[in-house]
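The values are calculated or read from the model by the stated rules, or taken from the named source; none is laboratory data. No experiment lies behind these values; they were computed from the predicted model shown. Cβ: placed from backbone, ideal geometry, glycine included. Neighbour counts: every protein chain shown.
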């Protein structure tokens, strides 16, 4: 894609996201910008026009993070400045340790648990040093599936998801299926469902307690 081609430049302007300095969104912003840069020839990735477009999408705390930087002539320098001021204080090993300790909370649904792991994945993709970024996603998926409820986990493994998002979708579908098929107050009887009848205690006339026909009181003495 040539930056000298104005239609292409318009596409880039639209694709690069805005960023206001929210720390939780920094990893997402960096990932989205780099996804756009991958569509451009290497020689053009630090083109002044492109860098101006990237900086124009910053606002608030993000602008403050780079305001006093003197060397912003490459995307890596811009990214480094943002990470230094707004980024993750933990290193890769610390994030990996948090990942191994991550567990699904009691009564937490699969989607909520997946979102928590998504934040860790975004962090690893941003600060991780492993050459194959897919390595982190595979590790996150394994941790996610291992901590789901047994039947949900089984359904997700059968689906063989390639990404965390696909694993979350498969888990939600499995949760919905299990909820739909959950046994209710009815029981299956003779080919049809039959409502359970209340199990009241049975009383028999023969089981009545004996009641004396005459009440005998002890004699009283004057």
Given the stretch 55-154, what helices (runs of 4 or more DSSP H) lie entirely inside it while holding 3 or more residues that are touching a residue at least 60 places away in the same chain (Cβ under 8 Å) and under 30 Å from residue 171 (Cβ atoms)? 110-127
By residue number, the members of the stretch 13-27 that are touching a helix residue (DSSP H, G or I) at 6+ places or on another chain (Cβ under 6 Å) and not in a loop (DSSP other than H, G, I, E, B) are 13, 15, 19, 23, 26, 27
Count - residues of the stretch 35-52 that are surrounded by 14 or more Cβ atoms within 10 Å (Cβ to Cβ) and at pLDDT 90 or above: 1
Can you confirm whether residue 27 is surrounded by fewer than 16 Cβ atoms within 10 Å (Cβ to Cβ) and either outside the structural domain of residue 169 (by TED's automatic domain parsing) or closer than 25 Å to residue 147 by Cα (or both)? no
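Somewhere in the stretch 15-31, is a residue without any contact (Cβ under 8 Å) to a residue 12 or more places away in the chain and under 20 Å from residue 123 (Cβ atoms)?
The answer is yes; a qualifying residue exists.
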Out of all the residues in the stretch 78-104, which are farther than 30 Å from residue 148 by Cβ and touching a helix residue (DSSP H, G or I) at 6+ places or on another chain (Cβ under 8 Å)? 78, 79, 81, 82, 83, 84, 85, 86, 87
Every listed condition ((1) surrounded by 12 or more Cβ atoms within 10 Å (Cβ to Cβ); (2) out of contact with any helix residue (DSSP H, G or I) (no Cβ under 8 Å at 6 or more places or on another chain)) holds for residue 75 save (2)
